1. Label Thr43 and Ser16 with points 7 Å out from Cα along Cα→Cβ: what is the distance between them in nm?
2. If you project the alpha carbons of region 35-116 onto the principal axes, what extent comes out on each, in Å, largest first?
3. Can you return the lysines within cross-link range of Lys53? Criterion is Cα-Cα under 29 Å, with same-chain partners fewer than 8 residues away left out.
4. From the phi of every residue in region 97-112, what ³J(HN,Hα) in whole Hz does the Karplus formula 6.51 cos²θ - 1.76 cosθ + 1.60 yield, where θ is phi - 60° and glycine or proline is x?
5. How large is the convex hull of the Cα atoms of region 79-148 per residue, expressed in Å³ as a whole number?
6. Given 0.36 nm per residue, what is the gain on full extension from Phe87 to Glu102 after removing their alpha carbon distance, in nm?
7. Using a Förster distance of 22 angstrom, determine the FRET efficiency expected from the C-beta separation of Leu26 and Glu117, and round it to 0.05.
8. At His52 and Arg135, where each label point lies 7 Å from the Cα along Cα→Cβ, what is the point-to-point distance in nanometres?
Amino acid sequence: MAEQIFQDWLKRNKYSGVADVSSAGLYANDGSGMTGEACAALTELGMTVRPHKSRLLTIDIVQNADIIVCMTEQHRNVLLSSNTYAFASGDGQYRIIGTVGELTGEDVPDPYGRGAEEYKRTAEKLTAMCEPLYRQVVKFAEEHKLAL
């Protein structure tokens with residue numbers, strides 16, 4: 001949901017070329033489709049749901065990222081202590097590893113198995129993340145002299 005919400009926000013605000021957005025999970029069931037509750041929450045926000053398959057976070061994904069946004073502080077701690085991150089960070093590249101809570105003041109726990117209302121609340125929290133995340137993307141690009 002985070003990937004599609006941020007992509008949709010960028011497109012609606014005419015910033016679609018600003019960032020390549022993708023998602024991966026620390027505990028993802030690799031290759032699973034989006035749940036019906038997630039699709040319904042996105043549809044309720046007025047989005048066209050695009051096909052999506054979950055994927056596990058890999059060394060390659062980390063090495064190709066400039067900014068990684070974890071949904072919770074616990075996720076960030078797990079990521080930073082993982083072998084995947086240890087190996088990927090050996091390339092010497094600088095990456096921002098942040099959390100939704102740092103952007104909005106509130107972590108976003110996984111809604112899986114917690115019902116449609118929790119998916120709606122999650123979608124709202126993820127929507128609140130978009131503007132501050134966009135500002136971080138722009139700041140990163142300016143600091144690293146990247147073209148937007």
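1. The modelled label-to-label distance comes out at 2.3 nm.
2. Over region 35-116, Cα extents along the principal axes are 42, 28, 21 Å.
3. Qualifying lysines at Cα under 29 Å: Lys11, Lys14, Lys120, Lys125.
4. 10, x, 10, 4, x, 5, 7, 10, x, 8, 5, 10, x, 5, x, 3
5. 119
6. This chain segment gains 2.9 nm when fully extended.
7. 0.35
8. With each label point 7 Å from Cα toward Cβ, the separation is 2.4 nm.
Bear in mind these aren't lab numbers, they're just calculated from the coordinates by the rules spelled out. Here the structure is a predicted model, which means the values were calculated and not measured. When we count neighbours, we look across all protein chains shown, and the Cβ atoms used for this are built from the backbone with ideal geometry, even at glycine.
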